[in-house]
Amino acid sequence: MSPDSQPELFDTNPPPGPVRGAEGVMVREIRCKSLLNRGGIGDYSFNGYVGCQNGCGYCYARFMQRFHPHAEEWGRFVDVKVNAVEVLGRQLRRLEPGEVFACSACDGWQPVEAEYRLTRECCRLLVQAGFRLNVLTKSKLVLRDLDVFTGHSVCVGVTITTPDESWARVWEPHASSVSDRWEVLRQAKAAGLKTAVMFGPLLPEISDTDEALSDLFARAAEVGVDRIWTDMLNARPRVWPGIQDVLRTHGPHMYEQYRRLLFDPSFRRQYQRQLAERIRTAAKDAGVSDRLN
Ligand code: SF4
């Protein structure tokens, strides 16, 4: 997801429609008025869902709750835009093809997508209409849709925040394993698609070390990924409480460093410089500095 995205228009708020619980997540069906948004990364972005079951501790999309309050915590609700495909079809009649980012404020391939298939069908409409797609996900479910992407201008990207499976489970409790995400890139490449990986947010003392960065970049080189993005941990609205929750249980000794990184500008500037240097070194050692974006 992109932190720059803005919420779409909805018929009502809070959402109506059938409500049910699924594995502790409240799933509600809602209707949207528009799906494709202008701006963000690329010309457009879209989200078939409000909320994200992956429940990442550092998630920047938590700001959505400001515009669409829910009683449940972030990660514990998903609103499904059941008319997303129909609305997109109408919008596409009026728009010039461009570049679309999927998805900007949720993971379009989060578990609920296995049932609703909204992201898949929206992607199908978009590529058939000549739009270029940039996909970013933490879910191996995206492999289901390689048949939709193949033969079109689609870049399949995954986000990987750490090479360590245990830490990934802590920070991204309901996303696919790290090894499954690398597998997504391998299969997308084998299908002839462009691939990208986002290393971010790089987590202090977990994935910002020389050892972790070297592991991440060496793996990117081995897979032959086409584009590599990196990002440090950023102080976005509503992010700190989620990070605190994780650190209280799993890393109280790191609390102070995370706090300073988010709230102490001079510490942050120095950290940013040092991290950028370590990233450059790791990319150079792995022979992939030309693919850094
Ligand atoms: S995958 Fe994680 S970071 Fe991305 S929108 Fe979902 S909860 Fe947020």
If amide hydrogens are placed 1.01 Å from N in the peptide plane, which non-local residues have theirs closer than 5 Å to the one on MET26? PHE77, VAL78
Past the 26 Å Cα-Cα mark, which pairs from LYS138/LYS189; LYS138/LYS194; LYS33/LYS194; LYS81/LYS194; LYS33/LYS189; LYS33/LYS140? LYS33/LYS194; LYS81/LYS194; LYS33/LYS189; LYS33/LYS140
Please tell me the relative contact order of segment 73-169 in percent, rounded to the nearest whole number, where contacts are Cα pairs under 8 Å and at least six residues apart. 27
Residue by residue through segment 192-205, which ³J(HN,Hα) values in whole Hz follow from phi under the Karplus form 6.51 cos²θ - 1.76 cosθ + 1.60 (θ = phi - 60°), with glycine and proline marked x? x, 9, 5, 10, 8, 10, 9, 8, x, x, 5, 9, x, 6
Over the chain, what is the relative contact order in whole percent, taking alpha-carbon pairs under 8 Å and six or more residues apart? 16
Local charge sum around TRP74 (other residues, Cβ-Cβ under 12 Å, Lys/Arg +1, Asp/Glu -1)? +1
Between the alpha-carbon centers of segment 171-211 and segment 115-130, tell me the distance in whole angstrom. 23
Highest mean first, how do 99-112, 255-268, 226-239 rank when packing is the count of other Cβ atoms within 10 Å averaged over residues? 99-112, 226-239, 255-268
Can you list, bin by bin at 5 Å, the percent of alpha carbon pairs in the chain, starting at 0? 1, 5, 12, 16, 18, 17, 14, 9, 5, 2, 0
For the chain, what does the helix formula give at 222 nm: sum of -39500 (n - 2.57) over DSSP H segments with n ≥ 4, over the residue count, nearest 500 deg cm²/dmol? -11000 deg cm²/dmol
Exposure of HIS253 as accessible area (Å², to 10), given a probe of 1.4 Å and all protein chains: 140
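The values are calculated or read from the model by the stated rules, or taken from the named source; none is laboratory data. Remember, it's a predicted structure, so these values are computed and weren't measured experimentally. Methodologically, a virtual Cβ is constructed for each residue, glycine included, from the backbone with ideal geometry; neighbour enumeration extends over all protein chains shown. Accessible surface areas use protein heavy atoms only, side chains included; no ligands, DNA or RNA. Shrake-Rupley method; radii C 1.70, N 1.55, O 1.52, S 1.80 Å.
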